Amino acid sequence: MDAAFTAEQDAIRRTLRELLAEHAGSDDIRSAVRTADGYDTSLWRRLARDLGLPGLALPEEYGGIGCGLTELAVACEETGRVLLPSPLIATAALAAPLIAVLGTEAQRTALLPRLATGGLTATLAVPGASLPLALGLTGDPADGAWAGGGRAGGIQAAPTADGSGWRLYGEAAQVLDGHSAGLLVVAAHTGGFPRSRTLLFLVRPDETDGVVRVRRTSLDETRPLARVELRDAPAEILGADDTADVTGVLAAAGHPVAALLAAEAVGAATSALERTVEYVKVREQFGRAIGSFQAVKHRLADLYARVRAARSAAYYAAWDPAAAGGLALAQALETLRITGAETVQLHGGIGFTWEHDAHLYFKRAAAGELLFGPVHALRDRAARLAGLFAPCDGASPHGIPTAAPPLAAVPPSGPPPAAPREAAPGTASGRVVV
């Protein structure tokens with residue numbers, strides 16, 4: 001296995017880093033998040049048109065570039081370095097792969113070329129705040145309970161009276177770029193108890209009634225979130241019929257999503273560490289740079305080791321997402337949290353101020369765990385998928401007993417017990433009666 005990046009991947013990284021260094025500085029990011037869309041639309045058009053970022057992993061027949069997940073991970077790492085607010089994750093990681101897998105030929109032909117060129121943005125909307133569960137990152141999504149489960153709540157779908165379409169009713173509380181996306185891929189529950197199942201639907205909020213979108217005030221302002229309310233909104237089912245294994249497709253799509261989010265978090269952690277190293281070189285205390293103190297060197301060395309390990313895990317996940325996606329995301333989010341906290345601490349009082357960028361990395365770390373974690377749940381799910389937890393039936397998958405035999409079956413290991421003695425007067429069963 002050759003773990004080195006190809007010339008094409010290095011070119012993507014170099015070109016994107018140069019463009020973002022010119023147009024995505026700290027002031028540019030802060031200005032972009034205050035716009036109605038929450039990101040710089042002109043920069044997004046350049047990233048989509050000139051570099052083809054949203055179409056990196058899409059097939060050429062649908063307007064994409066035809067690269068793989070690794071190339072898209074390289075791009076996500078670079079956007080993570082500058083905490084770029086953009087619909088890249090929502091469009092290229094969440095929505096486009098689902099359309100490519102489940103969509104009909106007509107749907108793929110109509111939507112994927114527009115997504116690949118940036119002419120259309122899309123996102124995935126799931127009920128409540130269940131995105132990590134729907135993608136199989138923190139639990140098994142097969143039962144569909146996260147989508148409503150036939151009970152009140154969630155998002156419910158019902159066919160129209162004439163059978164020509166569907167109507168959706170419900171709410172998605174945390175939708176990435178949901179306030180600005182031109183296309184919503186909505187996970188909804190239908191069938192009630194007799195035929196309970198989860199399906200995906202296409203909703204065009206700018207072309208239909210019954211959709212209310214409100215941008216939310218989020219902890220991480222560089223990752224815009226929205227609340228989407230569907231009030232008897234017209235929708236088109238994604239795919240040819242309602243027999244597709246939607247929960248299985250969502251769980252399979254969760255692995256590459258985790259790999260891309262891990263790469264993005266690694267980029268943010270790398271940038272935070274680099275900024276901290278530069279700061280401790282010039283910040284003086286007691287007449288010398290604080291970076292010359294051994295305690296500071298040790299802390300930075302630990303951070304460097306964490307970041308490099310997380311980066312290796314992220315790119316291994318991009319190479320084999322099914323095997324390492326969730327675990328790589330857990331490691332990357334934990335690394336970003338620790339690095340962000342150390343960045344604030346080593347910057348001293350200035351790191352807590354609104355004007356400094358250190359707090360942006362810390363908020364990205366905290367919000368990342370709230371949206372896609374927590375870390376311990378990601379690790380637990382990854383361990384179960386890997387078969388590390390043996391079933392509770394007395395034997396592991398490899399036939400190794402995991403439970404002790406009944407106590408009566410355990411042969412005695414010591415000398416034989418003494419013969420019972422006759423109870424003395426005034427006692428019962430050898431015990432003194434008071």
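The values are calculated or read from the model by the stated rules, or taken from the named source; none is laboratory data. On a predicted model such as this, the values are computed, not experimentally measured, just so you know. As a convention, Cβ positions derive from the backbone with ideal geometry for all residues, glycine included, and neighbour counts pool all protein chains shown. Ligands, DNA and RNA are stripped out before the accessible areas are found, and what is left, the full protein with its side chains, is counted by its heavy atoms. Shrake-Rupley method; radii C 1.70, N 1.55, O 1.52, S 1.80 Å.
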Just to verify a number: what accessible area does D357 come out at with the full protein assembly present, 1.4 Å probe, Å² rounded to tens?
20 Å²
Relative contact order (%) - criterion: Cα under 8 Å, at least six apart; region: the chain
14 percent
Ranked packing of 177-185, 261-269, 323-331, most packed first, by mean Cβ within 10 Å:
261-269, 323-331, 177-185
How far apart, in nanometres, would the label points at T6 and A129 be if each is projected 7 angstrom from Cα along the Cα-to-Cβ direction?
4.1 nm
At what distance in nm do the modelled label points of D162 and L219 sit from each other, each positioned 7 Å from its Cα along Cα→Cβ?
4.8 nm
Can you give the Rg and Dmax of the stretch 103-158 based on its C-alpha atoms, in angstrom?
14.6, 40
Within the stretch 257-277, name every residue whose backbone N is under 20 Å away from a label modeled 7 Å from Cα of R17 along the Cβ vector.
260-277
Multiply the residue gap between Y169 and K297 by 0.36 nm, knock off their C-alpha separation, and tell me the result in nm, one decimal place.
40.5 nm
Over the stretch 232-372, what relative contact order in percent results from Cα pairs under 8 Å that are six or more residues apart?
29 percent
Give me the accessible area per residue for the chain, probe 1.4 Å, as a whole number in Å².
48 Å²
So for the stretch 1-144, using the alpha carbon gyration tensor with a ≥ b ≥ c as root eigenvalues (a/c under 1.5 gives rounded; past that, a/b versus b/c decides prolate or oblate), I'd call it rounded
Round to a whole number: what % of the accessible area of the chain belongs to carbon and sulfur, probe 1.4 Å?
56 percent
Taking a temperature of 4 °C and a viscosity of 1.567 mPa s, what whole-number D in µm²/s does Stokes-Einstein yield for the chain with Rh from Kirkwood over alpha carbon pairs?
54 µm²/s
Sites R34 and T208, calculated FRET efficiency, Cβ-Cβ separation with R0 35 Å, nearest 0.05:
0.80
Please state the relative contact order of the stretch 184-267 as a whole percent: Cα pairs under 8 Å, 6+ residues apart?
24 percent
Helix-only [θ] at 222 nm, the chain, -39500 (n - 2.57) per DSSP H run of 4+, per residue, nearest 500, equals -14000 deg cm²/dmol
